[in-house]
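Have a look at the structure below before the remarks.
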Amino acid sequence: MPHKEDVAWWRPLFLIALMPIGVLGNVEGDALNAFRQNLIDNGNVLQSWVPDLVNPCTWFYITCNDELNVIRVDLGNAGLSGTLVPQLGVLTKLQYLVLYSNNITGQIPKELGNISALVSLDLYQNNFTGPIPDSLGQLSNLRFLRLNNNSLTGSIPASLTAIQGLQVLDLSYNKLSGPVPTYGSFSLFTPISFLGNDGLCGSVVGKPCPGEPPFPPPPPFTPPPPQSTYWQSAKGQQTSTGAIAGGVAAAEEDPEMQLGQLRRHSLRELQVATDDFSDRNILGRGGFGMVYKGRLADGTLVAIKRLKEQRSPRGELQFQNEVEMISMAVHRNLLRLRGYCTSSTERLLVYPYMGNGSVASRLRERVDGERPLSWQTRKKIALGAARGLSYLHDHCDPKIIHRDVKAANILLDEEFEAVMGDFGLAKLMDYKDAHVTTAVVGTIGHIAPEYLSTGKSSEKTDVFGYGIFLLELVTGRRAFDLSGMANAGGAMLLDWVTNLLGEHKIYILVDPDLEKNYDEEEVEELIQVALLCTQGSPVDRPKMGDVVHILEGDGLAERWEEWQKVEVIRKQDYDMPTRQTSQWILDSTENLHAVELSGPR
């Protein structure tokens, strides 16, 4: 079923008619209008925030629920300056306040602590000053609090330790001082949350506070027990070989411990969770390794990726650092890394289990009883995936390039929200030879031409893959199919769609599973976005942040008109089809049977 949350450009226009002036009254509309008045919007991104339309659900970058309460404000990287206003505290149903990467100044209003539904507060990379409000500790539903890269001063409120569900806290690169609060002697977070605050002290940051004795030296190194150590196997049978039936060594594994929001599991725990990596628990196979369904001791279902590459002691510390850095990339549309495990023979990553599988499986591999994805759900998936990629490209430092964007790597949560998986793995697996251009990783039909020819990836290679993914969503087809499209324009999905779009045969393009339950104009718009993303030159492709704005209803017509003019000129100059994807992509691998070189988790 479609997610209850939707964005303005997908929302039916009748919402406007349903909300006469003054009905909402409009406390939320008045609050957001006051916010608008305190912002400097040189880019005119808030032009739709018209005070006469007091229903904010009709404004761009605002998301409402079915009861027309504002639940999301998305103004990250919008080029805004100015200040926040205390009136924002009346948005008690607001779940996501996203204002990162702007130039907003002044103090964080203490009234934000009244937004009881708030799940994510993203104010990082601005110029906020003053203290962190103690009232934020009242936000019992808060999971993500990112205030890093500002100029905040004062101490860290002890009240933040009362937020039991807080998964990510990032206060790095401010001007904070004083002790880092803990639960007794235990801190919820790692030093990475507090980097760049020279005035902080305490055991978490490894700096004694004034008047405290210096920290004792670390205990001497104790070697791990020999492999003959006895322990219980998954089936409750004792063994003296250090391994259970599958033959995976259990020696030299690290004890279970918590590293901030990231847990380090023991190999023994994950062996038990997967029944010693039984074939019966395989969820998927990919270029980075096998993925297994597992159940932890507390009953939690997880997906465990068993990486192919063997452990290299020389790169182990760097591997662990990269894992923790990737775990800091937390976004609603990114698959959250829960934990990891390293041993003498294994590297494993632990993710939440996604019961609705991947977009690819819902498009082409549905089991009995699973309904096809509706058109509304597909539109929501397109926007969610774009938001996740935009976050990786524009708001991670260093930026993360996915390198294998496709329907098989985009998962669906319980409400069919798009969750980007496998991000960061390409970077993670390059840790040994970071200075060397790596072998091409990807899937036939999804690989950008410049990546194939040079082996060098950039955010624009992800944009290309995203464009192909949109075509998968619309058509339900694979990106490369030697049989299904060979008689209708070629084996490449991009060629096939381009040819049929030129002939205005939209009805042939759309996935038959939709049974004509779609809006033809919206289909054509989504295909236009896909073709903009798959232009041959990476320079001509939009950034993912621009794609998000386009999907939210801003600027598609202008971009499409400009692109069409350029394509006409190219066709005249070169006297050749506007798309020659087949020529370069067919040579991308020796196997032409749509082999997934890096598959789903």
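The values are calculated or read from the model by the stated rules, or taken from the named source; none is laboratory data. All values derive from a computational prediction rather than experimental measurement. Glycine gets a Cβ as well: all are built from the backbone with ideal geometry, and neighbour counts include every protein chain shown.
Some points to look at:
Results for (1) modelled with pLDDT of 65 or more; (2) under 28 Å from the mean Cα position of the chain (by Cα), shown as yes or no for each residue.
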{"position": "528", "(1), (2)": "yes, yes"}
{"position": "540", "(1), (2)": "yes, yes"}
{"position": "543", "(1), (2)": "yes, yes"}
{"position": "551", "(1), (2)": "yes, yes"}
{"position": "554", "(1), (2)": "yes, yes"}
{"position": "563", "(1), (2)": "yes, no"}
{"position": "574", "(1), (2)": "no, no"}
{"position": "587", "(1), (2)": "no, no"}
{"position": "590", "(1), (2)": "no, no"}
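Matching residues to (1) at pLDDT below 85; (2) surrounded by fewer than 15 Cβ atoms within 10 Å (Cβ to Cβ); (3) touching a strand residue (DSSP E or B) at 6+ places or on another chain (Cβ under 7 Å):
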| residue | (1), (2), (3) |
| --- | --- |
| 141 | no, yes, no |
| 149 | no, no, no |
| 153 | no, no, yes |
| 159 | no, no, no |
| 164 | yes, yes, no |
| 170 | no, no, yes |
| 181 | no, no, no |
| 184 | yes, yes, no |
| 190 | yes, no, yes |
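- Cβ-Cβ under 6 Å pairs, at least 6 apart or on other chains, segment 203-226 side surrounded by 10 or more Cβ atoms within 10 Å (Cβ to Cβ), far side at pLDDT below 50: 224/252
- Identity of the residue in segment 334-386, within 22 Å of residue 401 (Cα to Cα) and of a type in the set (Val, Ile, Thr), that ends up surrounded by the most Cβ atoms within 10 Å (Cβ to Cβ): 359
- Any helices (runs of 4 or more DSSP H) falling wholly within segment 359-461 and containing at least 1 residues that are modelled with pLDDT of 80 or more and in contact with a strand residue (DSSP E or B) (Cβ under 9 Å, 6 or more places away or on another chain): 359-364, 375-394
- Lone qualifier among 63, 58, 105 - being over 21 Å from the mean Cα position of the chain (by Cα) and more than 15 Å from residue 35 (Cα to Cα): 58
- Test: residue in segment 108-127 that is in the same structural domain as residue 38 (by TED's automatic domain parsing), surrounded by 18 or more Cβ atoms within 10 Å (Cβ to Cβ) and among the basic types (Lys, Arg): no
- Of the set (1) in a loop (DSSP other than H, G, I, E, B); (2) under 22 Å from residue 121 (Cβ atoms), all apply to residue 97 but (1).
- For segment 494-504, the condition holds for no residue, the condition being that it is hydrophobic (A, V, I, L, M, F, W, C), at pLDDT 85 or above and closer than 23 Å to residue 361 by Cα.
- Residue within segment 121-139 that is over 22 Å from residue 336 (Cα atoms), over 25 Å from the mean Cα position of the chain (by Cα), of a type in the set (A, V, I, L, M) and assigned to a loop (DSSP other than H, G, I, E, B) present: yes
- Subset of segment 37-58 [farther than 16 Å from residue 548 by Cβ and either hydrophobic (A, V, I, L, M, F, W, C) or touching a residue at least 60 places away in the same chain (Cβ under 8 Å) (or both)]: 39, 40, 49, 50, 53, 54, 57
- Tabulated pairs, segment 271-282, first farther than 18 Å from residue 340 by Cα, second small (Gly, Ala, Ser) and part of a helix (DSSP H, G or I), C-beta under 7 angstrom, 6+ apart or interchain: none
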